[in-house]
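The structure under discussion appears below in the form of structure tokens.
Nothing in this text is a laboratory measurement; each read-out follows from the coordinates by a stated rule. Here the structure is a predicted model, which means the values were calculated and not measured. When we count neighbours, we look across all protein chains shown, and the Cβ atoms used for this are built from the backbone with ideal geometry, even at glycine.
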């Protein structure tokens, strides 16, 4: 994956400072946890977007294949004298 998302080992960086930690240590730890959570969220969002883009690409290929098949079948019907029109603007 992209180095902008960091390594998986980052998730384990910085143990909870515990109840005896100073306020500064607590805040620092919370910021670190928030940074890691945000990084993980961005990574998941990117992976999801890439998966959706791949799905769209695959569906577009399928659409083109079905259009070609429909046009071929329309030509076969017409060659046998069967009037037929495949309306692409029809949305059903």
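Using a basic spin-label model with each label point 7 Å from the Cα along Cα→Cβ, how many nm lie between residue 82 and residue 25?
Modelled inter-label distance: 8.1 nm.
Please give the length that would be gained between residue 70 and residue 45 if that part of the chain were fully extended, namely 0.36 nm times their separation in residues minus their C-alpha to C-alpha distance (nm, one decimal). Walk me through the numbers on the way to the answer.
Numbers: separation 25, 0.36 × 25 = 9.00 nm, distance 3.68 nm.
So the extension gain works out to 5.3 nm.
Using only C-alpha positions, report the orientation-averaged shadow area of the convex hull of segment 8-79, nm², one decimal.
6.5 nm²
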